[in-house]
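The values are calculated or read from the model by the stated rules, or taken from the named source; none is laboratory data. What you see is a predicted model, and the numbers here were worked out from it, not measured in a lab. Cβ: placed from backbone, ideal geometry, glycine included. Neighbour counts: every protein chain shown. Just so you know, the surface numbers come from the protein's heavy atoms only, side chains and all, with ligands and any DNA or RNA stripped out. Shrake-Rupley method; radii C 1.70, N 1.55, O 1.52, S 1.80 Å.
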Amino acid sequence: MSDVPQYLLLSLPSTNRVYAEAATRLSVAELSVLNRAVLNSRLWDIGTTAISGVDYLSFAAEELDDRDVRLLSNLSSAYALYAVVDGDLLRPMTVRRLDRFDDDLLTIQKYAGKTNEQFTKLLLNVTLWSSRFGAQMRDRRLLVTDPLCGRGTTLNQARTYGYDASGIDIDTKDF
């Protein structure tokens, strides 16, 4: 048994079959970007593990401080976060999302061609964390501009985070 703390992240279920099939791999990639760009590579052994038939995103870290937990809480697939205790017990950790609005802002709109909300959040997160403002995700009111906004899934995600958002689109039927 390792003395290094292990953590598990339970993913949100996805109603989109196509996205659900790729969600685990995308979550590993998203966490890897957060780790490299913002957490100074303090996580390792990022991967997946199954417990009783349920897949979890897994990783190791010396210790997670409050800032780390707040950042991890905003992973696009984050539903619950656990510390592994004594090898097989899971201790729930409080997930502290940045969201200022309920996810109804994103999920209530349904129309053909709508971008998956979790995938949109993942793309916004990866873009933000790869910018020079990634570490300030929780502390700074940012401006998100979407040059191909369609009906605004990305803009609504930005608003959910409490950011300012603007967008344009050439297709006027989307407005």
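Brief remarks on what is shown
- Shape of the chain, Cα gyration tensor, a/c cut at 1.5: prolate
- Accessible area of the chain divided out per residue, in Å², using a probe of 1.4 angstrom: 57 Å²
- Net charge of the neighbourhood of R70, taken over other residues with C-beta under 13 Å away and scored Lys/Arg +1, Asp/Glu -1, is -1.
- Percent carbon-and-sulfur accessible area, the chain, ignoring ligands, DNA and RNA, probe 1.4 Å: 52 percent
- Cα-based shape type of region 8-103, given that a ≥ b ≥ c are square roots of the gyration tensor eigenvalues and the cut on a/c is 1.5: rounded
- Dipole magnitude (debye, nearest 20) for region 4-101, charges at Cβ of Lys, Arg, Asp, Glu: 400 debye
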